[in-house]
């Protein structure tokens, strides 16, 4: 746009008050002219803004440009120049002022730049000032040997913070790296300030490249079949675009819709009949990168026909009305599921049948089943919980959804509820289980069925509620089961109406059975599976299969609208005297101050098993024994020190007991004797013994804690190996469960004792009950088993008075276990003896040799695990400086350290001056209950520097462990967050304690500058978890010299790696 005459006059008045620079047009052209520029007088430095006024005599608007070599000094925005870089000495910079549309008409002005302060800090990069993925920048910071505090600003320099979401600078490598991409290009100002004088600083602007994003929206929330009244009901306008104009491709989750291009936009169109309401998704992704995408959802509404009645035989009809009668949330289903196998060669059919009962009410479901003719009934009650979790909807948005709870009777014989989870401890969503009535008008219409005259309902076993069994008809669902909608519907019906919904036996055909009073029931048949007897069950051309198998489901519907789902009722305690013996035996065990027990592990499944390893016969006080199935045996007297007297702890002996022998006395300690067996031995001493245990203490404040201990050959006694901040009672069995949970099995006489055995009624309580009855270390793997159940045997000594509490004792307990996905399984049988009479004392066990655990306070007290490869090579040979284990000396002649150094040596070499920022070992040991493995050193080659020398990043890692995991050994999202918050709090206390020594300060928002801070941008979010998020988690902590990365894979273990600052790139 050209200036009018009034504007030109006004501009000339302004220019008369300023210094002018004018240059005649050098090149000849038709309309010669000149540019007059007004510029404030003075010299400029870092941070100054200069506003220029320019007038072209031909009326053109003007613009500015500067030589690229000054791009790190000046930033141009319209006619305003900002000095963004510092200079080491006074410098003149030329700026070109030119006419827009006629760059031959120009002039030049000179800006006089001076250093911002004496000794100002300058930041430059030979590779430019744009940071992108995989393209770190090497910075030249002068003075080169300065000690700097690095901060970042994303708000134009208003606020500088210790951490940046996007960038990380390594003082050692001088590299500025991208760690997280913003959604769009973002300017970050990096500030280097002198650590001893913050008034001396330098800044530089960097552009951080952003991610490309996809935008997607739909102008309708639902689609359905078009009608005359609503002809556009079957299509919606889709708006889709990507930043930067990238090309998109589309995908849908259902064949019922399609995306078509129309005009300058897109249309989503319904292209099939929708038989029941469902949700479909549309995903738009970049053609060149499918990982960048956006998904939205749309509801597809049922297409309804006229729903005319369907005629059956003898006047029986399927109507909209009688089909609608079973469309009720409250309904009962009873019936039989039969698994049928046909042997083709002889035509014999074998059938296994199961009786079933299902009750459904609003947000509640009960299912029970038993083998036909058997009394043992397995049942479950599930409800929609009031508890919600963060879940993703069809479009990927986080929303609250209800989980599913199982109602049950707990180990105290009280009603309880527990969220149902899978083996990865992911909660089950109520809506995903479909435990509600699907025989509703939302899923089924009369139009979906045809009369099937070939099916005789009476022959199937149905009994009419009318006057005759001939007044029944079967109506078959007319859509093919291979159709996606049909397959889902059949799966939902089977899931909700039968408690035996597992397996891959999908329904192929389904019928509604109708009599004169309405819908009587549902009949279904699964696909026929053929078994060919070949490898991979490959069919043989021209031959018949060996056998065929399928299942039938026969259900009768009743109590429609009146069904209720009651809470499970507590078990009734048996009235026989044997339950009194069980109760008194448990009570005596709880009150006893000492007892011994011997646990025998019998494996039933393992990759390799030597059955001799599981043979035990042990002498308990009563003289009863436990025996295995192999020929060998060994006898144990019941004393702990049979083997100690002659050969010392952890020695060999001619006889022994396999498994565990443990004593627990009134004194706060537990001693385990683990007995193993060699397959052979030169001196026939085939047994070996290992002693470990727990010992209780009280700290100065009176708080109880205990130590785990083990035999230590250096002191020829026991030494603490771990401090646990909990009372020792937390690891002892409390026998706190209800006797009503057990059914009576049998009785036998053992001398004067009546020995009564009981079995757990509900196998789902196995884990909870075992935690109360066993101290064995395998108890955390307790699980229900088809072969074994939880049992408890108790005795009444008839030689004693009935009123004598010691007349009632526990003889043994047994429970099944399984771990490693069932690869290892077996059962633990524990024998109890000396209850209330064990006299072993603390002095007998420990004497005066016990060595309490003292946490190391310095890394010099911690040995490096493995080798420290100082010269960055893992080739094991006698380098100078290598520790020679045979001679116990270091090989002379050089500074290579291939040695088991202490960690103070390693940390000093690896982190140098940054080592001062590393907390001591006590920091981690206190956080993680004294469970730390390592440390280990490692390195990674990163290439070569400008001089051709190899460069490396170095790291030191440790592994710590937490105890607060669930029965699946999974650390929940909530517990993970608690752990990380505890670490954050611990680092904040460390910062406070070391602030004066290290010169740590806080920024405008209270974040530590130089000290340890939690990097949210590089860490897993501590809120907003999706319930089914089973991805690995990461927490990153940074300080002025170091970065600590903590990773967790939902297990009890945290993997902690320490780097020099800026050397970790995720």
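Each value in this text was obtained by applying a stated rule to the coordinates, not by laboratory testing. Since we're looking at a predicted model, the values are computed, not measured. Every residue, glycine as well, gets a Cβ built from its backbone with ideal geometry; the counts of neighbours run over all protein chains shown.
Annotations for the structure displayed:
- Burial order of peptide ranges 234-244, 284-294 (average beta-carbon count within 10 Å, highest first): 234-244, 284-294
- Stokes-Einstein diffusion for segment 330-415, with the hydrodynamic radius set to the Kirkwood value over Cα pairs and evaluated at 20 °C in a medium of 1.002 mPa s, equals 130 µm²/s.
- What the Cβ-Cβ distance of residue 67 and residue 362 gives, at R0 = 56 Å and to the nearest 0.05, is a FRET efficiency of 0.15.
- Förster-model FRET efficiency, 41 Å R0, residue 478 and residue 349, C-beta, rounded to 0.05: 0.90
- Distance between the modelled labels on residue 262 and residue 716, one decimal in nanometres: 9.4 nm (7 Å Cα→Cβ projection).
- Estimated D of segment 214-300 in µm² per second, where Rh is the Kirkwood radius over Cα pairs and Stokes-Einstein applies at 10 °C, 1.306 mPa s: 119 µm²/s
- Full extension of the chain between residue 126 and residue 851 gives 254.9 nm of extra length, using 0.36 nm per residue less the Cα-Cα distance.
- Highest mean packing first, where packing is the average number of other Cβ atoms within 10 Å per residue, the peptides 531-544, 790-803, 987-1000 line up as 790-803, 987-1000, 531-544.
- Residue 308 paired with residue 321, simple spin-label distance in nm, labels 7 Å along Cα-to-beta-carbon: 1.8 nm
- Taking other C-beta atoms within 10 Å as the exposure proxy, 824, 950, 148 rank 950, 824, 148 from fewest upward.
- Peptides ranked, highest mean first, by Cβ atoms within 10 Å: ranges 390-400, 368-378, 749-759, 490-500: 490-500, 749-759, 390-400, 368-378
- Residues listed by number, segment 264-287, amide nitrogen under 13 Å from residue 232 label point at 7 Å toward C-beta: 267-268
- Rounded Å value of the spacing that divides the Cα centres of segment 481-532 and segment 447-464: 14 Å
- Under the Debye formula (equal points on every Cα, no solvent term), log10 I(q)/I(0) of segment 1017-1066 at q = 0.18, 0.20 Å⁻¹: -0.60, -0.72
- Those residues of segment 250-283 whose amide nitrogen sits under 13 Å from the label point placed on residue 219, 7 Å along Cα→Cβ: 262-268
- Gap separating the Cα centres of segment 292-371 and segment 942-1017, nearest whole Å: 56 Å
- Gain on full stretching of the segment that runs from residue 419 to residue 841 - 0.36 nm per residue minus C-alpha separation: 147.4 nm
- Between residue 441 and residue 540, the modelled labels are 5.6 nm apart [label points 7 Å from Cα along Cα→Cβ].
- Once the Cα gyration tensor of segment 96-159 is diagonalised, semi-axes √(5λ) in Å: 32, 20, 14
- Among 855, 435, a tally of other beta-carbon atoms within 10 Å of each Cβ gives an order, fewest to most, of 855, 435.
- Label zone of residue 697 (point 7 Å out along Cα→Cβ, amide N under 15 Å): in segment 927-967 this covers 929-931.
- In this structure, residue 58 and residue 942 have a Cβ-Cβ separation that, at R0 = 56 Å, corresponds to a calculated FRET efficiency of about 0.50.
- Taking a quarter of the surface of the Cα convex hull of segment 122-208 gives a mean projected area of 5.4 nm².
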